[in-house]
Amino acid sequence: MQEAELHDLSDDADYAASQQEGSASTMRCYSSKLSTSSEAEGAEIVYLKDNVAIHPTQYAFERISGRLKLIKQGSALFMTWIPYKRQSTNAKLSEKDRNLYTIRAVPFADVRSIRRHTPALGWQYIIVVLSSGLAFPPLYFYNGGVREFLTTIKQHRTLSSLELPRAVSIPSMPSTPVLPRESTSHENQERTDVGISDVSASIPQYNGRRRQKFHDPARDISIQVLEKFSFVTKFARETTSQLFRESHGNGFRPLERRKSNQSDDYSHKPSDDAEGVADQSPVAPDPVEFDKLSLVWGKPRQPPLGLEEWATFLDSEGRVVDSKALRKRIFYGGIEHKLRKEVWAILLGYHTYESTYAERKHQRSIKKTEYETIKSQWQSISPAQAKRFTKFRERKGLIEKDVVRTDRSLSFYDGDDNPNVNLLRDILLTYSFYNFDLGYCQGMSDLLSPILFVMEDESESFWCFVALMECLGPNFNRDQSGMHSQLFALSKLVELLDNPLHNYFKQNDCLNYFFCFRWMLIQFKRELEYEKTMRLWEVLWTHYLSEHLHLYVSVAILKRYRGKIIGEQMDFDTLIKFIYELSGRIDLDATLRDAEALCICAGEKGADCIPPGTPPSLPVDNGLLYSQQDEVS
């Protein structure tokens, strides 16, 4: 396996400086050395690669793709990169932007080095550094071709003056910089992971001259430009600023400072709970740190979807015109509460995206009659019959005990003889007859409660609950196959995305991940405030990035508190107590942002960690929808 290569931050600082030193005019100067046509007389295209991209903003989905060429004219070799006129991504590329980012006929006589980077996960990229010390932005090779690119250069040019260095990784540092894999929707999102050791070693000197020092105005200019071209993430910008300050008058080099403060740097401090962790036990480095590496890929969180905007997704008869666009919008912002009743029914599959207003109204009428028929089955059981129907008595008794303890702090369920509590009971009893194999298990009332709160209708709540249980029903199998499948997948994802944390769990007999059992069972219902629970659920139901986003949410929470978990050497019992005490203290927006980043980061390797049929996927058809078996009483 090829050693992971760390990103040299000096390249980005050079690129930032180049924007202030007239890189555009430099490019125009280069273009004069070659005919304006790449097919000029005597010119030969010796290498061509499509779908090579740069990232002009911190949001990787706004990448700009283009065509990379190597052109030989006489004994001279030139490189060009021209962005496509029609971008398939969300980047809005003006003619001014095209002129800014276009690389026109750069002669290799003016190229000092080409830095190749191969992350453990993600896509290879190169950074071309000019003899002047300036650098172009990283070029990402989405379809491969880096090796052919470098081989072509070697074949057509004497490389006595052109270096092709590989960034050096320090053995004591993590060597797993991460870039996301391409998503199926082709909305690729990438992130460059930063190795501080490599940065520190390269900052003090570059191309035979000292780096700008703290009081040099160029430092401020570089930082400002990096705010715009922030493909090195917020952490890289902060590190750049710190290194400029530390590079003079401190008595030792930044690398030595890094080693002396390593435990402090890697301890997580997401909240007051994490304070003082570094003073207790050394914490293994996090390959994907949240505090140090701000995971702000993709679009930022948006306001909830409102009525006016919702209307734009529908045609005149009420059909959803673009279901993917709608799911994406909900994924990034959720739904206003007054709109949830209509949209949840579609997200859950009670109504289809293609249904019209009239069709939905007709279906509600039919389903209401069907619900009343099922409900009448248990309502018609006489006391004498109930005495001879043990399973019915047991389930009815369990339901009645659970519903009076479900969300009673909400005014919707508060008070004695609350009719909504009675509706909870009736719907769950009806479901136990509708799906007699599965019946009723503790936790189902938690899943039904927000649905009834939103739908405010008994029949519609029942059918939405049925749709949800089609996916989450295996959570309640007596053999716990659905839960074991999710916990196994979670274990593999943590191993992939944070191997030191996974190893810690392994060493402390926590590898079954049972401390996350409640998260999986009822979808974080008891970990979040009621409104945030509904927001999380509607995001999960979009299946926008993954139908198993809840697993990445779990990984994000564990990584957020990894410093405290490892630093305090929590055993299994302590860990369960700690996890349960997080209830009501989880920052949902930050967690969703982190989960999105981790999902993109894991890519296909993450998908491979999840066994087929893992909830909330529809169960694998084996003749029985559920493997529930009643105990013999």
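Scanning region 433-456 for residues that are over 32 Å from the mean Cα position of the chain (by Cα) and touching a residue at least 40 places away in the same chain (Cβ under 8 Å) gives Phe433, Tyr434, Asn435, Asp437, Leu438, Gly439, Tyr440, Glu456. Condition check for Ser491 on (1) touching a residue at least 60 places away in the same chain (Cβ under 8 Å); (2) assigned by the TED database to the domain that holds Arg562: one failure, at (1).
State yes or no: is Lys532 within 22 Å of Tyr332 (Cα to Cα) and outside any helix (DSSP H, G or I)? Judged against the criteria, Lys532 is not a match. Looking only at region 350-366, which residues are open to solvent by 50 Å² or more (accessible area, probe 1.4 Å) and not β-branched (Val, Ile, Thr)? Listed by number, the residues that qualify are Glu354, Tyr357, Ala358, Glu359, Lys361, His362, Gln363, Arg364, Ser365. In the set Arg526, Arg518, only one residue is surrounded by fewer than 23 Cβ atoms within 10 Å (Cβ to Cβ) and not in a helix (DSSP H, G or I); that residue is Arg526. Please specify each residue of region 410-431 satisfying the condition of being touching a residue at least 40 places away in the same chain (Cβ under 8 Å) and outside any loop (DSSP other than H, G, I, E, B). Within region 410-431, Asp426, Leu429, Thr430 meet the criteria. Considering (1) in contact with a Leu (Cβ under 8 Å, 6 or more places away or on another chain); (2) open to solvent by 70 Å² or more (accessible area, probe 1.4 Å), say which one Asp414 fails and leave the rest. For Asp414, the failing item is (1). Does at least one position in region 563-582 carry a residue that is within 27 Å of Arg301 (Cβ to Cβ), open to solvent by 50 Å² or more (accessible area, probe 1.4 Å) and charged (D, E, K, R)? Checked region 563-582: at least one residue is within 27 Å of Arg301 (Cβ to Cβ), open to solvent by 50 Å² or more (accessible area, probe 1.4 Å) and charged (D, E, K, R). Do we find a residue being in contact with a Pro (Cβ under 7 Å, 6 or more places away or on another chain), closer than 30 Å to Phe433 by Cα and at pLDDT below 95 anywhere in region 531-546? There is no residue in region 531-546 that is in contact with a Pro (Cβ under 7 Å, 6 or more places away or on another chain), closer than 30 Å to Phe433 by Cα and at pLDDT below 95.
Considering the conditions (1) at pLDDT below 95; (2) open to solvent by 50 Å² or more (accessible area, probe 1.4 Å); (3) assigned to a helix (DSSP H, G or I), Ala386 is excluded by exactly one of them, (2).
All of (1) open to solvent by 50 Å² or more (accessible area, probe 1.4 Å); (2) more than 30 Å from Phe389 (Cα to Cα); (3) at pLDDT below 95 hold for Phe436 with one exception: (2). Within region 307-343, the set of residues being open to solvent by 10 Å² or more (accessible area, probe 1.4 Å), among the aliphatic types (A, V, I, L, M) and either in a loop (DSSP other than H, G, I, E, B) or touching a residue at least 60 places away in the same chain (Cβ under 8 Å) (or both) comprises just one member, Val321. Candidates in region 545-578 are the residues that are of a type in the set (Asp, Glu) and in a loop (DSSP other than H, G, I, E, B); of these, the one that is nearest to Pro612 (Cα to Cα) is Glu547.
Does region 455-469 contain at least one residue that is more than 23 Å from Thr373 (Cβ to Cβ), among the aliphatic types (A, V, I, L, M) and open to solvent by less than 10 Å² (accessible area, probe 1.4 Å)? Within region 455-469, not a single residue is more than 23 Å from Thr373 (Cβ to Cβ), among the aliphatic types (A, V, I, L, M) and open to solvent by less than 10 Å² (accessible area, probe 1.4 Å). Look through region 600-633, keep the residues that are modelled with pLDDT under 50 and polar (S, T, N, Q), and return whichever of them is surrounded by the fewest Cβ atoms within 10 Å (Cβ to Cβ). Per the stated criteria, the residue is Ser633.
The values are calculated or read from the model by the stated rules, or taken from the named source; none is laboratory data. Just so you know, these numbers come straight off a predicted model, no measurement behind them. Ideal geometry is used to build each Cβ from the backbone, glycine not excepted, and the neighbour counts take in all protein chains shown. For accessibility, only protein heavy atoms count, side chains too; no ligands or nucleic acids. Shrake-Rupley method; radii C 1.70, N 1.55, O 1.52, S 1.80 Å.
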